[in-house]
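J.: Sharing a structure, written as structure tokens. Questions coming.
The values are calculated or read from the model by the stated rules, or taken from the named source; none is laboratory data. Keep in mind the model is a prediction, meaning the values are calculated, not measured. Because the Cβ atoms are built from the backbone with ideal geometry, glycine has one as well, and the counts that use them run over all protein chains shown. Side chains included, ligands, DNA and RNA excluded: accessible areas come from the protein's heavy atoms. Shrake-Rupley method; radii C 1.70, N 1.55, O 1.52, S 1.80 Å.
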Amino acid sequence: MGAWRRAKRFLIGSPLTNDMAMHERIPKWKALAVLSSDALSSVAYATEEILIPLSLFATAAVAWSIPIALGICLLLVIVTVSYRQTIDAYPGGGGAYTVARDNLGTTAGLVAGAALLIDYTLTVAVSVAAGVENIAAAFPDFAAHKVLLGSLVILIIMTFNLRGVRESASVFALPTYLFIFSFLILIVVGIYRMASGDVPPKAPLIHEIYPEVGLFLLMRAFASGCAALTGIEAISNGIPIFKEPAQNNAKTTMVWMSVILGVLFLSITLLAHIYGVIPKEGETAVSLLAQSVFGQNGFYYIIQGSTALILFLAANTSYADFPRLSSMLAKDRFLPRQLAILGDRLVFSNGIVGLSLVAISLLVLFKGSTHLLIPLYAVGVFLSFTLSQTGMIRHHFKFRQPGWRQAMAFNTVGAVTTFSVLVVITSTKFIHGAWVVVLLIPFFVFVFNQIRYHYVSIARKLSYVTAKGPIKIRDMHHIAIVPVSGIHPGVVEALQYALSITKDVRALSVDIDERATKELNSKWAQLVPDIPLTTLPSPFRSVITPVVEYISELEKNCKDQVITVIIPEFVTRKWYHQFLHNQTALLLRASLWLRHGRVVTSIRYYLD
């Protein structure tokens, strides 16, 4: 165990005291890296998700990519303004879960919570898968090992996050800003080369006539491109990690993120259209655009590397918000209470580890394919958007603070818009995988309610102590049962402990070997004559069943007495030596654990 503790300290650092919590808060420029990496990373694949369905219909149909991108940017503005209002109304964080729970009821809150938890988990899987695919585009030899590489990346990100928010923010800030500046250079150089005539445009910026395509195709392309909006709610959920004044810093960071996201997404879509980029199997739209602008030179690899890094780090947004949301649900008794406990480094360690394991499972299940994972992605995002917007409408109407009419009108527009997008996404992506999320959300809500029912029923059963006043403590007679397989120091210590609590001590042995049983009875009569030894027959050579049946029969005849089962066991010097011995004590404890009316304890004898 000492070696394990040393390894743990090396990986995640020394424990932090409670009074260091305020020092773990981060400034705006670091918060942008931690909480915006998910939203910014969508620039790497959102344009591609628009182009894929359009190009499959007809090459000319990609002309619709620019109007679709403009519509998505308008939606980005609406959602950003709405979440700034959420930050003002709920400075404690919690985002859509808190807003929906407080204004629309518990069930709506749980639906939002389930949608967000699914979204955060998919963010990790999608972002890491997309990052690996960008590496594979530049280095095709890695394509066959996508799942393994993705799993290793998740474990690395998990380790950094277990070290604490401040340390992970310091590590992840540089790649985020490298991505922003490298893409700005890509955009500037791409526009310059086109404007100077160095690269003749393959399509006009504005088309006089757009090709006729079906409404369903446009809806599907729009729904796919709305992946650009995933992650923008993260700042409203993570207000507590900002330095003071946390509320104002969060609002400012929200604006920074939205402006950067909108500029990058719209510019990349415009350049992809002008340069005639059509995604193809094994190579991303960003990779094709970077090749068209720079060729296969060093800066192309910088673009690919920074894209891969931001996609990997997009998962970090989920590591900031998933554990915090889980802790809020756990405090409300909708998730196991272990998720509400801060770990050694003042982060919710159990949530971080749980998120990592589920995300790795998704990578394995979907073979590390971004295109297979993304259809599952946006349903939860826009469901939480819609519930948050609707909850804010109710909030404004209920409190009627200055300017509430304008704010409510804006949230109404936002709710209608995001709900429309939700309907489009669900209908267009349902058969491609969105049905999984549609089924998972009500299942999660059911599980949340079952967990709460368990905690409430347990609390009710334990609360009688305070309800009935003083308790009369009565004397109880013990019968101590000590199962033995021989006479060794551990058995002697167990018998001594038994005699310290009662004079009625009974030793039990099980006859599975006639010769060994006779030898034990003979030695017992000589060495422990004052304590009776009962030998139980076992025609089927089971050790556990005869002991359990004996205790059950004893309970029937001694209902007013406490039966204490004292199990002697020795502990080997090396932990792995324990596997060389049978686990009778462990199996016996497991068999007695859920049975009523007895105390089960172990007396351990350590072999030095």
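J.: If the requirement is being open to solvent by 10 Å² or more (accessible area, probe 1.4 Å), more than 19 Å from Val34 (Cβ to Cβ), in contact with a strand residue (DSSP E or B) (Cβ under 7 Å, 6 or more places away or on another chain) and not polar (S, T, N, Q), which of these qualifies: Ala144, Ala137?
T.: Ala137
J.: Kindly evaluate Phe448 against the criterion of being open to solvent by 80 Å² or more (accessible area, probe 1.4 Å), modelled with pLDDT of 90 or more and within 30 Å of Phe382 (Cβ to Cβ).
T.: So Phe448 fails the test.
J.: Can you pull out the residues in region 389-413 that are over 20 Å from Asp102 (Cα atoms) and open to solvent by less than 50 Å² (accessible area, probe 1.4 Å)?
T.: Gly403
J.: So, in region 241-276, how many residues would count as being open to solvent by less than 40 Å² (accessible area, probe 1.4 Å) and of a type in the set (S, T, N, Q)?
T.: Residues flagged as open to solvent by less than 40 Å² (accessible area, probe 1.4 Å) and of a type in the set (S, T, N, Q) within region 241-276 amount to 5.
J.: Now for a separate question. Here are the criteria: (1) without any contact (Cβ under 8 Å) to a residue 12 or more places away in the chain; (2) part of a strand (DSSP E or B). Tell me which single one Tyr605 does not satisfy.
T.: (1)
J.: Please count how many residues of region 152-183 are touching a residue at least 24 places away in the same chain (Cβ under 8 Å) and more than 29 Å from the chain's Cα centre (by Cα).
T.: 2
J.: A further question on this structure: Which residues, counting only those in region 291-311, are open to solvent by less than 10 Å² (accessible area, probe 1.4 Å) and within 30 Å of the chain's Cα centre (by Cα)?
T.: Across region 291-311, the qualifying residues are Ile303, Gln304, Ser306, Thr307, Ala308, Ile310, Leu311.
J.: Would it be correct to say that Pro568 is closer than 17 Å to Arg604 by Cα, of a type outside the set (S, T, N, Q) and either touching a residue at least 24 places away in the same chain (Cβ under 8 Å) or out of contact with any helix residue (DSSP H, G or I) (no Cβ under 8 Å at 6 or more places or on another chain) (or both)?
T.: Criteria met by Pro568.
J.: Determine if region 217-240 includes at least one residue that is open to solvent by 50 Å² or more (accessible area, probe 1.4 Å), at negative phi, out of contact with any Pro (no Cβ under 9 Å at 6 or more places or on another chain) and modelled with pLDDT of 85 or more.
T.: no
J.: Moving to a separate point now. Open to solvent by less than 10 Å² (accessible area, probe 1.4 Å), at pLDDT below 85 and among the small types (Gly, Ala, Ser): which single residue out of Ala58, Ala33, Ala3 fits that description?
T.: Matching residue, one of Ala58, Ala33, Ala3: Ala33.
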